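First up is the structure itself, then whatever we jot down about it.
Rule-based calculations on the coordinates, nothing more; no lab input. Remember, predicted model here, so these are calculated numbers, not experimental data. Cβ placement follows ideal geometry from the backbone for every residue including glycine, while neighbour counts extend to all protein chains displayed.
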Amino acid sequence: MHIAVLNGPNLNLLGAREPEVYGTDSLDDIEKAVRAKADIEGVAVAWHQTNGEGEFVDVVQALRGEADGALVNAAAFTHTSLAIRDAFLAVRIPFVEVHLSNIFAREAERRHSRLADIAVGVVAGFGGLGYLLAFDALVAHLKSRER
Ligand code: DQA
């Protein structure tokens, strides 16, 4: 099984960036934890982070034929990007949306996601742990489809 993890703008600054909102784990820490879990489960992980919307779209388009599913924290693009939504609609890769913070308890403009209704599900508010919860959920979802 192959899974891609897609991280959007400013997530490269995790750990230093608003730790009271996003926690003190760096993106490297989260990547290591996801990879450790994936190794145990025999799942291959391709990890991406970009600050660019166009590059994010390119990464989504390249998932076709490469990944069985994806974990997606599109960061601020979550709330704004029709282009990223369209890319997921085009490739039809099942994905779980992840947010470190509980976006539904934040400012009004963060409470809406342009991806959530086309995601398998959403995990929000558990910090870096959310990536691991979302990983389990995605793998379970993909395995249930194999049966
Ligand atoms: C975020 C929430 C977004 O609103 C914000 O723009 C981010 C991070 C999260 O993981 O909590 O950059 O996606």
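If you go through the range 16-27 and keep only what is closer than 26 Å to Phe88 by Cβ, free of Cβ contacts under 8 Å to residues at least 60 places away in the same chain and part of a helix (DSSP H, G or I), you end up with just Leu27. Once the range 1-15 is narrowed to residues that are in contact with a Lys or Arg (Cβ under 9 Å, 6 or more places away or on another chain) and outside any helix (DSSP H, G or I), the residue that is surrounded by the most Cβ atoms within 10 Å (Cβ to Cβ) is Met1.
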